[in-house]
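Novice: This is the structure, below, for whatever I ask next.
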Amino acid sequence: MAKACRMLELANDLVSDNKALKAKAYYTACVEVAFAVIERSLHAYLLAKEVVDEEDFLGHEGITKLAGRAGLMEQAITEDLEDLWRKNRSKVYYRSGLPTRQAAEAMLELAIQVHQSVRDLDRKLRRLCIC
């Protein structure tokens, strides 16, 4: 959970009003970090509920699907997160589009909401959270 907290801090810095960072427009990095925050938060929940072990490797879609199967979110939300991730990956990897500041801020807000929602589901996760 603390990893997700640190990543949120980084993502927030990447879209901050800091002139040096703003001029470089790290929006792609912010979106990537936001996805990582979501993954780390879901993974922390799965670990806390002993659905997975520390040693288990789960890619983005694996974590999302498993979190859905574990009852953390509805199937529609699971599908929406997977679709959002696939669309973002395609745009970034194939350079068919780059995120804007607004997209980066929206992804950051989604990551914050997911992180806080997951954290609030479990007392252990609330203690581990350093936000």
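The values are calculated or read from the model by the stated rules, or taken from the named source; none is laboratory data. What you see is a predicted model; the values in this text were computed from it and never measured. Every residue, glycine as well, gets a Cβ built from its backbone with ideal geometry; the counts of neighbours run over all protein chains shown.
Novice: Suppose the filter is at pLDDT below 90, surrounded by fewer than 20 Cβ atoms within 10 Å (Cβ to Cβ) and not in a loop (DSSP other than H, G, I, E, B); does ALA103 pass it?
Specialist: Spelling it out, ALA103 is indeed at pLDDT below 90, surrounded by fewer than 20 Cβ atoms within 10 Å (Cβ to Cβ) and not in a loop (DSSP other than H, G, I, E, B).
Novice: While we're looking at this one, here's another question. Closer than 20 Å to LEU14 by Cβ, out of contact with any Asp or Glu (no Cβ under 8 Å at 6 or more places or on another chain), loosely packed, with under 13 Cβ neighbours inside 10 Å and among the hydrophobic types (A, V, I, L, M, F, W, C): is that true of ILE130 in this structure?
Specialist: yes
Novice: Being touching a residue at least 12 places away in the same chain (Cβ under 8 Å) and either surrounded by 16 or more Cβ atoms within 10 Å (Cβ to Cβ) or in contact with a Cys (Cβ under 9 Å, 6 or more places away or on another chain) (or both) narrows it down to one of LEU47, LEU98, LEU66, so name that one.
Specialist: LEU66
Novice: Exactly one condition in (1) in contact with a Lys or Arg (Cβ under 7 Å, 6 or more places away or on another chain); (2) modelled with pLDDT of 90 or more; (3) buried (at least 16 other Cβ atoms within 10 Å of the Cβ) is not met by MET7; state its number.
Specialist: Unmet for MET7, out of (1) in contact with a Lys or Arg (Cβ under 7 Å, 6 or more places away or on another chain); (2) modelled with pLDDT of 90 or more; (3) buried (at least 16 other Cβ atoms within 10 Å of the Cβ): (2).
Novice: Consider ASP80 against the criteria (1) buried (at least 16 other Cβ atoms within 10 Å of the Cβ); (2) over 21 Å from ALA2 (Cβ atoms): it satisfies all of them except one. Which criterion is unmet?
Specialist: (1)
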